[in-house]
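Here the structure is laid out as structure tokens; the discussion comes afterwards.
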Amino acid sequence: MIIAIDGPAASGKGTLARRLAAKLGLAHLDTGRLYRAVGLAVLRAGGDPDDAVAALKAAESLDPAALEDHALASDRAGNAASKVAAIDAVRAALLAFQRTFAHHPPAPATGAVLDGRDIGTVVCPEAEVKLFVTASAEARAKRRHKELLERGEASIYARVLADIRERDRRDSTRAIAPLTPAADAILIDTTVLDADAALAAALEHISQPS
Ligand code: CDP
């Protein structure tokens, strides 16, 4: 079984993906970490994430160990990620890894949950279950601001909200694989649903697909 979960920044898609994977015994891949790792590698090499040549080089030489780096969670990595993610060749370079994970998840998992921006539309359009998790920009900024403070990072709510709006704009308007729900995706709005309620809504859909 493949479950595809897409949605904008801080919509709760990662939490839902992790909890669904644990509940159903599936492997989980947070595909945002691939783009974050590429973005961060470019920054660390002193490059510009908008530079297609530097970004492609980082994508092609991506070490799976880089996916475990704690620095991937920073907003700096998130912003660099959304820049490299707009480069066609970078997306193409990361496609095979994602598809292999979906179709041959690490044992003992018998299936996979992938979360990102284009899983249901581009990476795994054949997924049995597609969810699109969203929430208002304000609710998402509040959540991300709280996460950053809890991790001991400095955070200003207005800045987080502006960053989220900018990333939404970049992710939704890019020419390649823009953030958009697959036609057959189920929408889950977490503006008012907490993590338990979102999990319950997803499980209900999975047990009775329409
Ligand atoms: O955690 P958050 O939702 O803030 O971001 P993320 O899922 O880690 O993704 C970081 C950035 O990578 C996004 O803003 C997208 O630009 C890009 N991304 C993408 O283009 N396609 C994916 N499948 C996953 C992430």
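Observations, loosely collected:
- Prolate/oblate/rounded label for the chain (Cα gyration tensor, a/c 1.5): oblate
- Label-point separation, Arg170 to Ala22 (7 Å along Cα→Cβ), nm: 3.1 nm
- Farthest toward the positive end of the dipole of segment 133-210, out of Leu149, Ser136, Ala202, is the Cα of Leu149, where the dipole comes from beta carbon charges about the Cα centre.
- Protection proxy ranking for 38-45, 2-9, using the average of other Cβ atoms within 10 Å per residue and placing the highest first: 2-9, 38-45.
- Residue-averaged [θ]222 nm for the chain, counting only DSSP H segments that reach four residues, each worth -39500 (n - 2.57): -15500 deg cm²/dmol
- Per-residue ³J(HN,Hα) for segment 14-19, Karplus 6.51 cos²θ - 1.76 cosθ + 1.60, θ = phi - 60°, Hz, x for Gly and Pro: x, 4, 5, 4, 4, 6
Any read-out appearing in this document is the output of simple, stated calculations on the displayed coordinates, not a laboratory observation. This one's a predicted model, so the numbers in the text were calculated from it and none came from an experiment. Note that each Cβ is placed from the backbone with ideal geometry, even for glycine, and that neighbours are counted across all protein chains shown.
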